[in-house]
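Step one of this worksheet: look at the structure below.
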Amino acid sequence: MSVKCTFFKRSVLVALLFVASLFGAGGNAVEIIRPYNKSIIDVNSVTVVIKIDDHKVDKLKIVSETGDVYEIKVTSSKDVYCKNIILEYGVNTIIVRAYANGKKLFQKMLEIFYRFPPYRGYKYPPGDFKKNYFHTTKSEKLCSRCHKMNSNEKKGIAFENPKESNCYNCHKTIFLGKKYAHAPSVNWVCSSCHNKSRSPYTKYPVPKKLNQSCFDCHKKFRKKFFSKKYKHEPVLVGRCNRCHDPHATPNKYFVRLKVKKLCTTCHGDKVITTKKPGSKCAASSNGSCTDCHNPHASKRPFFYEPRRHEVKEEKKKKKGLWIDE
Ligand code: HEC
Ligand code: HEC
Ligand code: HEC
Ligand code: HEC
Ligand code: HEC
Ligand code: HEC
Ligand code: HEC
């Protein structure tokens with residue numbers, strides 16, 4: 001996003017905040033329980049939970065950064081309304097409005113930061129944003145009246161029907177529009193990763209030693225990566241999730257971005273130096289970077305390995321994508 005664009009957004013924001021304060025008076029009747037303003041989120045969606053004590057309210061509207069408008073009908077029999085909102089990378093402004101007979105009674109704005117590590121610009125949230133974990137006894141109490149908050153997973157056993165997982169209803173948006181999904185996630189055995197470490201902040205922490213937890217299942221890859229002389233730095237420091245989304249993505253092998261884009265978000269500058277005379281690097285061509293480079297490790301400098309499309313299908317199956325005899 002350009003600087004100009006950010007400035008434009010800021011000024012709109014100030015104007016909207018002013019409007020919001022005008023409507024603040026009737027605000028107590030409509031309470032946004034979740035999410036907290038200025039939260040950092042590490043997945044593509046956030047849950048908005050709204051509590052209504054004013055029986056005049058008959059409609060809610062949520063407007064997201066993507067421009068989507070989520071309309072919710074309010075009935076007298078229900079006091080809590082929940083919606084999953086799709087996020088864009090970086091700062092998202094979410095506006096919640098409440099109406100009675102077409103008249104706006106209430107408006108509030110929230111800012112949420114969707115952290116996306118492959119892009120430097122979306123890796124570091126502004127200083128006033130922080131992580132607000134959800135799965136604590138205190139906040140789960142707000143939901144347990146209507147939702148089952150415990151895990152009903154049998155260790156390591158896939159759900160035949162994902163809807164049977166207690167996590168499904170609230171977290172199904174992780175897979176929305178994603179063509180390639182990682183087996184343990186799409187089978188809803190979420191605790192195979194989210195139960196590995198202890199945390200004072202949440203029941204379902206993200207594993208501390210990430211590559212360790214990947215290698216728990218992908219055993220042969222530990223040796224395959226670490227026995228090699230040259231190891232790619234993000235692999236060496238255990239950040240498999242810099243490149244792979246542990247849940248699902250639109251890309252094969254659930255890499256977060258198409259390969260060329262993925263590599264050049266970190267190596268944009270290098271791609272220029274590889275244009276130096278004599279370089280065999282074809283970074284500026286249309287070829288995929290992984291036609292020549294193994295993304296993990298190699299016995300050769302620059303992880304230079306033979307082209308993948310020359311690898312026969314059976315060999316691919318047996319040995320993986322790259323020949324490393
Ligand atoms: C008064 C009952 C009630 C309470 C309390 C409640 N919910 Fe819900 N929630 C529902 C119902 C009913 C649905 C089914 C979807 C609908 O509204 O049609 C739902 C759906 C959801 C969804 C799926 C939304 C979507 O877009 O598909 C999420 C996520 C959710 N709730 C989260 C929460 C969280 C988090 C809390 C606690 C902070 C909470 N709910 C408290 C009744 C409740
Ligand atoms: C009633 C809805 C609800 C249910 C049921 C639910 N979650 Fe969540 N979960 C949330 C909300 C809300 C967040 C905060 C992020 C967001 O807004 O989407 C969250 C966050 C998380 C996080 C991030 C850490 C944290 O505490 O913020 C993990 C991991 C997670 N959930 C896993 C699970 C697993 C595994 C299950 C099933 C055993 C589950 N959740 C069931 C609503 C729910
Ligand atoms: C293979 C390991 C793995 C599995 C399986 C897995 N996750 Fe995750 N999850 C992670 C990691 C690692 C992160 C940290 C963010 C990232 O790297 O994308 C994460 C992040 C999250 C977050 C956001 C955390 C935050 O603090 O904002 C939620 C919510 C979540 N996972 C829910 C789930 C649910 C629900 C399932 C089951 C359908 C699941 N995960 C299965 C590894 C996993
Ligand atoms: C609970 C076990 C488990 C954990 C933990 C796990 N995986 Fe997987 N993963 C699987 C299974 C099962 C498959 C599908 C079978 C296969 O192709 O090996 C798979 C497939 C994959 C694939 C696609 C491989 C292919 O050839 O199609 C990639 C990439 C991958 N996982 C990366 C990761 C990363 C990165 C982590 C750590 C964040 C991780 N996995 C953690 C079980 C796991
Ligand atoms: C620098 C980015 C990057 C990092 C970091 C990374 N991977 Fe990958 N991984 C890739 C790419 C790119 C592919 C292949 C996608 C393609 O070529 O279409 C891949 C493919 C894979 C495959 C399937 C490949 C095969 O040979 O069968 C597995 C399994 C895998 N990665 C696991 C991991 C694990 C485990 C980690 C952490 C220790 C990790 N990756 C870290 C980029 C990365
Ligand atoms: C998360 C950032 C990140 C991503 C994504 C990434 N790399 Fe790297 N890469 C690094 C770092 C850090 C180093 C080590 C320092 C350096 O040489 O810049 C490195 C080193 C390298 C080197 C060795 C450079 C040398 O001088 O020895 C090559 C080749 C390379 N990466 C290729 C790739 C390819 C191909 C991809 C895509 C599959 C990729 N990288 C994706 C961060 C990344
Ligand atoms: C046709 C094969 C080929 C393709 C395709 C290719 N490379 Fe290279 N790359 C090489 C070779 C060979 C080297 C070793 C050094 C040299 O010859 O300049 C290299 C070197 C590098 C280096 C280290 C250069 C340095 O100055 O430190 C990086 C980083 C790199 N490549 C990234 C990429 C990225 C990112 C892509 C995709 C956009 C890519 N390469 C595509 C063959 C290739």
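Laboratory data are not the source of any read-out in this text; all were calculated from the coordinates shown. Small disclaimer: the values here were computed from a predicted structure and weren't measured. Note that we place each Cβ from the backbone using ideal geometry, even for glycine, and neighbour counts take in every protein chain shown.
Taking 0.36 nm per residue of sequence separation and subtracting the Cα-Cα distance, how much length would be gained by fully extending the chain between Ile33 and Tyr70, in nm to one decimal? Present the calculation step by step, with values, prior to reporting the outcome.
On the way: separation 37, 0.36 × 37 = 13.32 nm, distance 1.72 nm.
Additional length available on full extension: 11.6 nm.
Could you derive backbone 3J(HN,Hα) for region 279-284 from the dihedral phi with the Karplus parameters 6.51, -1.76 and 1.60 (θ = phi - 60°), listing whole Hz in sequence and x where the residue is Gly or Pro?
Once rounded to whole Hz, the list reads 5, 8, 6, 9, 4, 8.
What FRET efficiency would be calculated for the residue pair Glu233, Ser288, taking the C-beta separation as r and a Förster radius of 22 Å, to the nearest 0.05?
Calculated transfer efficiency: 0.60.
In whole percent, what relative contact order does region 170-319 give with Cα contacts below 8 Å and a gap of six or more residues? Could the numbers behind the result be given before it?
Working: 172 pairs, mean separation 33.8, N = 150.
23 percent.
Could you list which residues have their amide H under 5 Å from that of Asn92, counting only those 5 or more apart in sequence or on another chain, with H placed in the peptide plane?
Sorted by chain and number, the residues that satisfy this are Ile112, Phe113, Tyr114.
Using the structure shown, select from Lys108/Lys130; Lys219/Lys258; Lys61/Lys172; Lys38/Lys108; Lys123/Lys163 the pairs with a Cα to Cα distance greater than 24 angstrom.
Details: Lys108/Lys130 19 Å; Lys219/Lys258 26 Å; Lys61/Lys172 21 Å; Lys38/Lys108 13 Å; Lys123/Lys163 32 Å.
Over 24 Å apart, Cα to Cα: Lys219/Lys258; Lys123/Lys163.
For region 170-319, place one equal point scatterer on every Cα, skip the solvent, and apply the Debye formula. What is log10 of I(q)/I(0) at q = 0.11, 0.17, 0.21 Å⁻¹?
With no solvent term, the Cα-only Debye profile gives -0.52, -1.16, -1.53.
For labels at Lys59 and Ser151 in the simple 7 Å Cα→Cβ model, what's the distance in nm?
4.3
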